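Structure first, commentary second.
Just so it is clear, none of the values below were taken in a lab; they were calculated from the coordinates. A quick note: this is a predicted structure, and the numbers were derived from the prediction, not measured. Neighbour counts run over all protein chains shown; Cβ positions are idealised from the backbone, glycine included.
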Amino acid sequence: MNHLAAETSPYLRQHRDNPVDWYPWGEEAFRLARQRDCPVLLSVGYSACHWCHVMAHESFEDPELAAVQNRLFVNIKVDREERPDVDRVYMDALQALTGSGGWPMTVFLLPDARPFFAGTYFPPEDRRGLPGFRRVMEMAASAYRDRRQEVVSSAERLSQALAPAPLVPLGSPEGGMAGVLADAEARLIRNADPDFGGIGGAPKFPQCAVLEFLLSREVLNGSVAAGTVVERSLEAMAAGGLRDQLGEGFHRYSVDQRWAVPHFEKMLYDNAQLVRLYLHGWQAHRNPAHLDVALRTADFLISQLELPGGGFAASLDADTEQGEGAFYAWTADELAAVVGEERLGLAEALFGGPGEASTEQGAMVLRGGGDPQVLTVRFKIAPADLGKIRDSMIADLRQVRSQRPAPGRDDKLIVGWNALAITSLSELSVAADQPRYLDAAVRCAKAILDRARLDGRLCHLFDGSAARFTATLDDLAGMGLAGLSLHEATGDASWFELSSEWALLVEAEYRDPAGPGWFDTPLDHDANLALRPRSLEDGAQPSGTSLMAELCLKLYALTGDGSWRDRASAVLETLSSAAGRFPSAFGALLTVAASSEAGQIEVALLVPEPLGSHLALLRQVRSKWRPQVAVGVGRIAEGASEAQLGPPLSRSRPLLAGVATAYVCRDFACRLPTSDEGAIERELDGAAIP
């Protein structure tokens, strides 16, 4: 057993019996590298990563390769989900050196942690144009030993190039922010797949932030073309193999253009964002299928990822001992054994059929199936019976699948990912009038407060036994937004206070003193990291920068404090040119910019005791997706005449006739208050007109 024996990360525990002498990230490993005067081999991955497992089985479990690795290097294994700061720094280096990135990430470092060579997956021996891991290790060690000055100079140049410089505006783009948004929309529409939805080709990711931006262009600017891209994408993703047709939830991405065959891991951050995206799609288009997907995906979060006591696990693995996707895919014989030989053809037609939706092993990935009108004629089935037959088959297949060895679950409670889930579930609860989702969101938030804080300070995760690692920007900004969603849905002012507290902490310790924006880590970040990371672009989830910009604008709306607006505006202005040219990397920030450009609308809801009496009015406010609307709830205790609790927006305002009352305002100029649910729509539409 190596030095990972005491680690709690499922990914690191998967490697604790390797013959490789792995160390966790920390000073001990780098001190040993200095003592041995040898480079460090850093391997970064995560527990649900298929190719991480492949490289582990092929190389890290091979005693001969491990002997070479131990002789030439000090070896560090990192779970990217535990240490996104480490992952960010070396992913930037990998992309600078190779032009692409991915996991497993393999980086060779000087003993002072500066990178000098990097790659992703390496096979054990040369294969299909890829150099073998043994050869790569020997070349890296030889370069360090025989061409030391050249390697050190290269590492120094790379580190200087990657050091984050202060953000500087590139000049106001032509047409201002309106022009940036229009240009970004046009670029995305040109790059959209007209046949199967989504942006770009294979491999195809959901890109929730980009689709949210396009949807915002439809609802705020009337862009039919943007709405069409979103609608086509939502329909195709839900009907494809990307979505688990039996157990619900979405896999991480599709390896093909048609969303047919996924990479089978299921990530919390994807499913949390997809709940919200499908909810917003329903609010914009009123397609009941979108609400159904949002509800079913939320149910997946609660039934399969919720942890005892609240909060959500990080992921479900892609692999079992039977291979990648073996839990999810079906051979023809397996399918026939469940549905019967006489109905195999119908089952294959109902679930998309083999061929295009087959794994590398030839098993079928279930999809949404073909045109019901065609199927009823082909199989001579009454239209009313087709859905019943499919539902019956799903129930039988689900029962049989439940007997298979299930993918492993990574039970880390990662704060930023859970924040996305809290926001989505809170919004869904209000819009769909489903209190159980708010209950789950509150359980999650309370679990974070109970378990993921150390000495009163929010941490990055709870590993099952302790709160660990410094909170990142997206943890704090994400929880700030989650707190505002909980405040809106519950009416509880304490969630607003917590959101303000986390935002002020970011301003104090994460803000760039040399310009607008924020770093991913605080001032006292890890001394072993050569650089202080800063994420401007979205990855699989919104960047911390975009989350913080959104939080600033919402706090401005709820407090009237112009300093929050100024911080967000400076970031939007500085990054506007880059966002307009590369919109796929800035979808979340573009949505914030679109909301800001449309003009802020504030809604103050005044409620008498007890809490919850504002929900009827709030559901009217959220009957459509209105990204430019911020809601503050003020509570009026019995015997008081005005709101005493809640954000400043809602204070010093009275009730009408003692019942819940709404004040709709634009830039803090308010229209007449109303207690009439039917009047809310008119007031919001009136406020939306500058």
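Observations, loosely collected:
- Modelled spin labels at Ala349 and Ala395, positioned 7 Å past Cα toward Cβ, are 2.3 nm from each other.
- Computed FRET value (nearest 0.05) for Val168 with Ile381, which takes r as the C-beta separation and R₀ as 41 Å: 0.05
- Shape category assigned to the chain from the gyration tensor of Cα positions, a/c cut at 1.5: oblate
- Straightening the chain between Asp292 and Glu609 buys 110.8 nm, computed as 0.36 nm per residue apart minus the Cα-Cα spacing.
- Each label point was placed 7 Å from the Cα along the Cα-to-Cβ direction; for Trp51 and Glu27 their separation is 3.6 nm.
- Filtered chymotrypsin sites (Phe, Trp or Tyr not before Pro), the stretch 320-408: DSSP coil and at most 16 other beta carbons within 10 Å: Phe379
- Separation in nanometres of the label points that stand 7 Å from Cα toward Cβ, at Arg127 and Arg453: 4.9
- Cys residues of the chain counted as unpaired, since no other Cys beta-carbon is under 4.7 Å: Cys38, Cys208, Cys444, Cys459, Cys552
- Point-charge dipole on Cβ atoms (K/R +1, D/E -1) for the stretch 502-592, about Cα centre, debye to 20: 220
- The GluC sites (Glu not before Pro) of the stretch 569-656 that meet both conditions, a loop assignment by DSSP and at most 10 other Cβ atoms within 10 Å of the site Cβ, are Glu638.
- Peptides 260-270, 122-132, 227-237 ordered by packing proxy, namely the average of other Cβ atoms within 10 Å per residue, highest first: 260-270, 227-237, 122-132.
- Multiplying the residue separation of Arg671 and Ala161 by 0.36 nm and subtracting their alpha-carbon distance yields 178.3 nm.
- At R0 = 60 Å, FRET efficiency that the Cβ-Cβ distance of Ser652 and Arg135 yields, to 0.05: 0.25
- Neighbour cut-off at most 12 other Cβ (10 Å), DSSP loop, trypsin sites (Lys or Arg not before Pro), the stretch 324-427: Lys380
- Computed over the stretch 329-447: relative contact order in percent, which uses C-alpha pairs under 8 Å that are six or more apart: 17
- Taking 0.36 nm per residue of separation and subtracting the current Cα-Cα distance, fully stretching the chain between Ala637 and Asn528 would add 34.0 nm.
- Using C-alpha pairs below 8 Å separated by at least 6 residues, the relative contact order for the chain is 11 percent.
- Cα-based shape type of the stretch 40-139, given that a ≥ b ≥ c are square roots of the gyration tensor eigenvalues and the cut on a/c is 1.5: rounded
- Unsatisfied cross-links (Cα-Cα over 19 Å) in the set Lys204/Lys412; Lys204/Lys266; Lys266/Lys388; Lys77/Lys412: Lys204/Lys412; Lys266/Lys388
- Shape category assigned to the stretch 276-386 from the gyration tensor of Cα positions, a/c cut at 1.5: oblate
- Legend: helices of the chain (whole DSSP H runs) are marked when their alpha-carbon atoms reach 27 angstrom or more along the helix axis and their mean Kyte-Doolittle hydropathy is at least -1.0; marked are 383-401, 562-581.
- Nearest-0.05 FRET efficiency for Glu64 and Asp17, computed from C-beta distance (R0 22 Å): 0.85
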